[in-house]
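Below is one structure; the comments refer to it alone.
The values are calculated or read from the model by the stated rules, or taken from the named source; none is laboratory data. Note that the structure is predicted; figures quoted are calculated from it, not measured. Cβ placement follows ideal geometry from the backbone for every residue including glycine, while neighbour counts extend to all protein chains displayed. To get the accessible areas, we keep the full protein, side chains included, count just its heavy atoms, and leave off ligands, DNA and RNA. Shrake-Rupley method; radii C 1.70, N 1.55, O 1.52, S 1.80 Å.
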Amino acid sequence: MARRFPLAGLLRLRHTEQDRAAATLATANERVRDAADARIAARRSLADSEDTQPIQDAATLSAVAAARAATRGMLEELDAVVQNRRADADRAQRDYTATRRAAVGLEKLEGKHDEQQAAEELRTEQNALDEIAARRRTEGGAR
């Protein structure tokens with residue numbers, strides 16, 4: 001009977017860590033996309049406000065200027081949010097890569113262990129067959 005891979009529990013833990021890191025990475029990438037979409041929407045809003053009807057009085061001009069200034073401020077804040085979320089996504093990617101590398105190392109060890117166990121089983125089986133054949137030869141001759 002083949003021996004169980006001695007690090008199987010650690011390998012399961014590494015796979016769990018890898019799955020968690022992959023989920024974190026997916027969430028971080030989704031947050032980056034959401035922030036980028038909000039930034040694009042704000043830019044479109046700013047561009048659309050510039051294409052409006054001609055301004056007739058000072059109060060309207062003042063209101064439009066205030067709205068544009070607020071939109072520009074919002075764009076700057078969204079740029080900062082996008083940068084922060086990209087940094088979070090980069091960290092999540094590094095974490096995922098590290099956990100994947102750890103899991104792959106153990107998977108390779110498990111593969112070597114399985115190969116060694118298979119070779120050992122073949123040797124044991126071959127030894128048993130050789131012993132049976134030798135016993136037949138000594139007990140009654142070849143058939």
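Quick grid of which residues meet (1) aromatic (Phe, Trp, Tyr); (2) part of a helix (DSSP H, G or I); (3) in contact with a Phe, Trp or Tyr (Cβ under 6 Å, 6 or more places away or on another chain):
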{"residue": "LEU25", "(1), (2), (3)": "no, yes, yes"}
{"residue": "GLN56", "(1), (2), (3)": "no, no, no"}
{"residue": "LEU61", "(1), (2), (3)": "no, yes, no"}
{"residue": "ALA69", "(1), (2), (3)": "no, yes, no"}
{"residue": "LEU75", "(1), (2), (3)": "no, yes, no"}
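Right, THR16: in contact with an Asp or Glu (Cβ under 6 Å, 6 or more places away or on another chain), among the β-branched types (Val, Ile, Thr) and either at pLDDT 85 or above or within 30 Å of GLU121 (Cα to Cα) (or both) or not?
Spelling it out, it is not the case that THR16 is in contact with an Asp or Glu (Cβ under 6 Å, 6 or more places away or on another chain), among the β-branched types (Val, Ile, Thr) and either at pLDDT 85 or above or within 30 Å of GLU121 (Cα to Cα) (or both).
Taking region 24-42, which residues are within 13 Å of ARG72 (Cα to Cα) and either surrounded by fewer than 14 Cβ atoms within 10 Å (Cβ to Cβ) or modelled with pLDDT of 95 or more (or both)?
Of everything in region 24-42, those that are within 13 Å of ARG72 (Cα to Cα) and either surrounded by fewer than 14 Cβ atoms within 10 Å (Cβ to Cβ) or modelled with pLDDT of 95 or more (or both) turn out to be ILE40, ALA41.
Could you grab me the full set of residues in region 1-23 that are open to solvent by 50 Å² or more (accessible area, probe 1.4 Å), hydrophobic (A, V, I, L, M, F, W, C) and in a helix (DSSP H, G or I)?
First pass over region 1-23, keeping only residues open to solvent by 50 Å² or more (accessible area, probe 1.4 Å): 1, 3-4, 6-7, 10, 12-17, 19-20, 23.
Retained after the next criterion (residues that are hydrophobic (A, V, I, L, M, F, W, C)): 1, 7, 10, 13, 23.
LEU10, LEU13, ALA23, listed by residue number.
Go through (1) in contact with a Lys or Arg (Cβ under 9 Å, 6 or more places away or on another chain); (2) open to solvent by less than 70 Å² (accessible area, probe 1.4 Å); (3) in contact (Cβ under 8 Å) with a residue 12 or more places away in the chain one by one and return the number of the condition ALA67 breaks.
Looking at each condition in turn, ALA67 falls short on (1).
So, THR60, is that one free of Cβ contacts under 8 Å to residues at least 12 places away in the same chain, within 30 Å of ARG14 (Cβ to Cβ), open to solvent by less than 70 Å² (accessible area, probe 1.4 Å) and hydroxyl-bearing (Ser, Thr, Tyr) or not? It would help to see each step written out before you state the result.
On the way: free of Cβ contacts under 8 Å to residues at least 12 places away in the same chain: yes; within 30 Å of ARG14 (Cβ to Cβ): no; open to solvent by less than 70 Å² (accessible area, probe 1.4 Å): yes; hydroxyl-bearing (Ser, Thr, Tyr): yes.
When the stated conditions are applied, THR60 does not pass them.
How many residues, within region 82-139, are open to solvent by 90 Å² or more (accessible area, probe 1.4 Å) and of a type in the set (Val, Ile, Thr)?
So the answer is 1.
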